[in-house]
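Asks: Right, I'll just put the structure down here and ask away after.
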Amino acid sequence: MDPMTLLEPLGLDAFYVTRPENVRYLSGFPHPEDAQVLVTQEGAFLLTDPRYPEAEQESRIPAKVLKREEKEEAFKALRGRVGFEAEHLPYAALEGLRELAPAEWVPTKGVIERLRLKKTPEEVERIRKAQALSEEALAHALTLLKPGVLEWDIALEIEFFLKRRGAGVAFPPIVASGVRGALPHAGASEKPLRAGELVTLDLGAKVAGYHSDMTRTIALGRVDGELRRAFAATLAALERVLEAIGPGKNTKELDALAREELKRFDLDRYFVHSLGHGVGLAVHEGPALSPYLEDTLEPGMVVTLEPGVYLPGMGGVRIEELVLITETGVELLSRFPRGWQEV
């Protein structure tokens, strides 16, 4: 990486990167929570501590394994305008740096995140592998959906399945059955599954730092009435967005399209979150497909589409696909059937 292409547009003499996802993006170092990147006019350097003597071999950029006092000396040498990640660096840590370094500390926002929006083929391949493992885990979980099984036992089985295959868990799996399906981010609980309920399973894997994210809603036995209609509405909203999405599309308009389709069923008021988000080194990153933010989709971006309907006291539906934006349209990275399924 040419440091000047990063520093010059910002008017900086150095840039201190602390957010773990951004550290990994710049360095490839697999333990970014215990490292930082310092970009100067001489180059970009990974900074970590003696717990990681192998850092030089694991980092794409030169690594400095420093004791605390050695790191402090490195900061004392900084001069001029030094950028920091205002959304990540704690105020107390900033105060400590100001005491160490006779420099002007300049807050920045979203600098490395903007670089991460468009994925390289290598990044896409890691996301693709994570998604494939997620789908294997979901197929395994469906074999366990039976009346009397506890939600958290299903969630644990998903975690075990992924970890046995050498993957991480992108986030604690959501298993929400019956009335708990009306809670969009319900953590798995001790509630037993019951026949005649919908079960929402939201899960993702993590491979070499990169995440996947998908959701399916499954009927445990026969489910009719308003919940069946909510599923039809959610699927229709997803299909409509899939027909429209592609490079150059406005993310706010795509979110509105999903809501417009749900309104045909008079269920749009029960869609209480955004349509989707980017996925990569973080499971939630840019671009946002939201009623509040506008982005333009570009080739190389990987996003989720996850319309949902949440009926208080009754249950809920969410269906989520993982999509790669290509030069000519999209590629579905999630392949698991999304239609109505009864087990």
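The values are calculated or read from the model by the stated rules, or taken from the named source; none is laboratory data. A quick note: this is a predicted structure, and the numbers were derived from the prediction, not measured. All Cβ positions, even for glycine, are placed from backbone atoms using ideal geometry, and neighbour counts span all protein chains on display. Only protein heavy atoms, including side chains, enter the accessible area calculation; ligands, DNA and RNA are left aside. Shrake-Rupley method; radii C 1.70, N 1.55, O 1.52, S 1.80 Å.
Asks: In the range 286-343, what count of residues is obtained for those that are within 21 Å of S212 (Cβ to Cβ), in contact (Cβ under 8 Å) with a residue 40 or more places away in the chain and among the polar types (S, T, N, Q)?
Replies: Residues that pass the stated criteria total 4.
Asks: Still on this structure: In a helix (DSSP H, G or I), open to solvent by 40 Å² or more (accessible area, probe 1.4 Å) and either among the charged types (D, E, K, R) or farther than 30 Å from T296 by Cα (or both): which single residue out of R222, R228 fits that description?
Replies: Within the list R222, R228, the selection yields R228.
Asks: Go through the range 233-255 and give me each residue that's part of a helix (DSSP H, G or I) and open to solvent by less than 50 Å² (accessible area, probe 1.4 Å).
Replies: Those that are part of a helix (DSSP H, G or I) and open to solvent by less than 50 Å² (accessible area, probe 1.4 Å): A233, T234, L235, A236, A237, L238, V241, L242, A244, T251, L254, D255.
Asks: Among K163, K249, which is among the basic types (K, R) and in contact (Cβ under 8 Å) with a residue 24 or more places away in the chain?
Replies: After ruling out the rest, the residue left standing is K249.
Asks: Every residue in the range 119-139 that is within 14 Å of the chain's Cα centre (by Cα) and either free of Cβ contacts under 8 Å to residues at least 12 places away in the same chain or open to solvent by 50 Å² or more (accessible area, probe 1.4 Å) (or both), please.
Replies: Selection gives R126, R128.
Asks: Report the residue count in the range 144-202 for those that are assigned to a helix (DSSP H, G or I) and buried (at least 20 other Cβ atoms within 10 Å of the Cβ).
Replies: Count: 10.
Asks: Filter the range 284-343 down to residues that are of a type in the set (S, T, Y) and in a loop (DSSP other than H, G, I, E, B) and give me whichever is most open to solvent (accessible area, probe 1.4 Å).
Replies: Here the answer is Y292.
Asks: Of all residues in the range 206-216, which are more than 13 Å from K119 (Cβ to Cβ), touching a Gly at 6+ places or on another chain (Cβ under 7 Å) and part of a strand (DSSP E or B)?
Replies: Hits for the range 206-216 are K206, M214.
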